[in-house]
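Encoded as structure tokens, the structure appears first; notes follow it.
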Amino acid sequence: MVTTVILGMLCVYLLCFSVMFLLISTRLNGKKMGMEVFALGNLLLGLAYILQLVGGPPGWGVLSMVNHTLTLSAPVAYVLGGMRFFGQPTPILRPLLALAVAYSFIQVLVQYWLGNEARHALLAGSCALLFLAMTAAVLHGVRTFAQDLRVEMIVFAMLIGGICILNAMKFAMIVEGGLAALDLSSGFQKVFYIYMSFLATVLPPCAVWLVLRRLTDELRTLAAHDPLTRLLNRRGLMDALELYFRSRKAAAAYLLIVDIDHFKRINDTHGHNVGDLVLSRVAEVLKATVRQGDLICRLGGEEFVVIALDTDRAGVLQLAERTRAAIEQSEVLGTERDQAIRCTATIGVSDEFTSVQLFDEFLQQADAALYRGKAAGRNRTEWSHAWDA
């Protein structure tokens, strides 16, 4: 009786959280992060447990076969939802339908050739193997695709590992003692469904936390980056500089202002859409030209800032000239396919600075060098007069 009540409450938990996941997914617009698939997984598992309550003692029949198929399909749905959460464009209905058809067919064969006990053992063994694979995948994610969620993934691995162990124990008990192991009044079944209720209570809030964490990270990224070029904006650059200078290994940095020559003429002649393409192309050239670890920022309009880290004067001048030449050689297709638009850039280079508080001072220094370069004919690199002192 106690296990039946626990199982009934578990059904209510699963169905309620299924509705909650579905409602959350509707608020996430185009990027649902797998929440609608988690809702489907909860629905499948909730329906499976309802069929178990309605079907009575374990036996052979349509309800039992559907129950087993839903029980195995639910964790597969969670896996597919997890893949979508981590950005994998995974199909949902086709794999689940294929699994349902295949597993139902296998159940019929096992029931016919080996009997009812073997069919129940098949479910427990299949679930144990599936949860073992899920645990291994989650632990693998700690070192690869989910490094930013290390603690959360370890907790998930522990929880999934627990249900893997319980299913393995259920498999062994069925093999040794038959269907008596599935009696709802047994101590093992009570422990099993208490743990499942625990998971049904803990995992949905954890999933919601992951979504909130991912949304918060994305908002932080959007706040620190220019929406057109995806480079750092001024706020993101200042945060990155502050983090760099806090490091014990931080060396002096140099500031380069990169300004596209005659950009207003490009906008007036070809339109702002082409102007945006030119800005994006220059941003790509900067990312491909600067060294790994250097910071790139779109300061505003047609001006970009590069912070060259861990280098000397000769190195930064070489970087500036290489960047200028790369921009001069790049091109953007205009409104007509055979029309290639080229642009040049003038670059002003500051002296070295050693703290984020000096940024504005050395920005003005590089800006003054930039205007001297503009006055001298553009498409050139100009360094600060401080270097001549």
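Values quoted throughout were computed directly from the atomic coordinates according to the rules given, and no laboratory measurement underlies them. Computed from a predicted structure; not experimentally measured. Cβ coordinates were reconstructed from backbone atoms using ideal geometry, including for glycine residues, and neighbour counts include every protein chain displayed.
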Legend entry - Cubic angstrom per residue, convex hull over Cα atoms of region 228-316: 88
Legend entry - Chain lengthening between D239 and H262 when straightened (0.36 nm per residue, less Cα-Cα): 5.2 nm
Inset, instruction - Compare the peptides 65-78, 14-27 by average per-residue count of other Cβ atoms within 10 angstrom and give them in order, highest first. - result: 65-78, 14-27
Inset, instruction - With springs only between Cα atoms under 10 Å apart, run a GNM on the chain and tell me which of R265, R248, R143 wobbles the most. - result: R248
Legend entry - Mean separation of Cα contacts under 8 Å, 6 or more apart, over the residue count of the chain: relative contact order %: 12
Inset, instruction - Pop a pseudo-label 7 angstrom from the Cα along the beta-carbon direction at both E321 and S355 and give the gap in nm to one decimal. - result: 3.4
Inset, instruction - On each of the three principal axes of the Cα atoms of the chain, give max minus min coordinate, whole Å, ordered largest first. - result: 92, 52, 33
Inset, instruction - Would you mind computing, in nm to one decimal, how far apart the modelled labels at A180 and L222 are, each placed 7 Å from Cα along Cα→Cβ? - result: 6.1
Inset, instruction - On a C-alpha basis, how far is the centre of region 256-270 from the centre of region 304-380 in Å? Whole number, if you could? - result: 13
Inset, instruction - Sort the following peptides by mean Cβ neighbour count (other Cβ atoms within 10 Å, averaged over residues), highest first: 231-240, 149-158. - result: 231-240, 149-158
Inset, instruction - Pairs of Cα atoms under 8 Å, at least six residues apart: use those to get the relative contact order of region 273-346, whole percent. - result: 28
Inset, instruction - As a check on your grasp of the helix formula, calculate [θ] at 222 nm for the chain: sum -39500 (n - 2.57) over DSSP H runs of n ≥ 4, divide by the residue count, round to the nearest 500. - result: -23000 deg cm²/dmol
Inset, instruction - Quick one: angle between helix 313-329 and the longest Cα principal axis of the chain, in degrees between 0 and 90, rounded to 10, please. - result: 80
Inset, instruction - Identify which of L182, L215, L243 has the largest mean-square fluctuation in a Gaussian network model of the chain, with springs joining Cα atoms closer than 10 Å. - result: L243
Inset, instruction - Write down the percent of antiparallel bridges among all DSSP beta bridges whose residues are both part of the chain, to the nearest 5. - result: 85
Legend entry - Cα-based Lys proximity count in the chain, under 30 Å, for pairs eight or more positions apart or on separate chains: 6
Legend entry - Electrostatic dipole magnitude of the chain [Cβ: Lys, Arg +1; Asp, Glu -1; Cα centre; debye, to 20]: 820
Inset, instruction - Could you tell me how many degrees, from 0 to 90 and to the nearest 10, lie between the Cα long axis of helix 150-177 and the main elongation axis, the longest principal axis, of the Cα atoms of the chain? - result: 20
Inset, instruction - Could I have the simple spin-label model distance between L333 and W113, label points 7 Å from Cα toward Cβ, reported in nm to one decimal? - result: 5.8
Legend entry - Farthest positive-ward along the chain dipole, Cα basis, beta-carbon charges - from L212, A146, V79: V79
Inset, instruction - Round to the nearest 0.05 the FRET efficiency obtained for F188 and L53 when R0 = 22 Å and r is the Cβ-Cβ distance. - result: 0.75
Inset, instruction - Post the alpha-carbon centroid distance, region 219-245 to region 163-187, in whole angstrom. - result: 55
Inset, instruction - Before anything else, pin down the relative contact order of region 109-187: Cα pairs under 8 Å, at least 6 apart, normalised by residue count, whole percent. - result: 37
Inset, instruction - Measure nothing fancy, just the Cα-based angle from helix 62-85's long axis to the longest principal axis of the chain, in degrees from 0 to 90, nearest 10. - result: 10
Inset, instruction - Express in whole angstrom the spacing between the alpha-carbon centres of region 53-87 and region 5-24. - result: 15
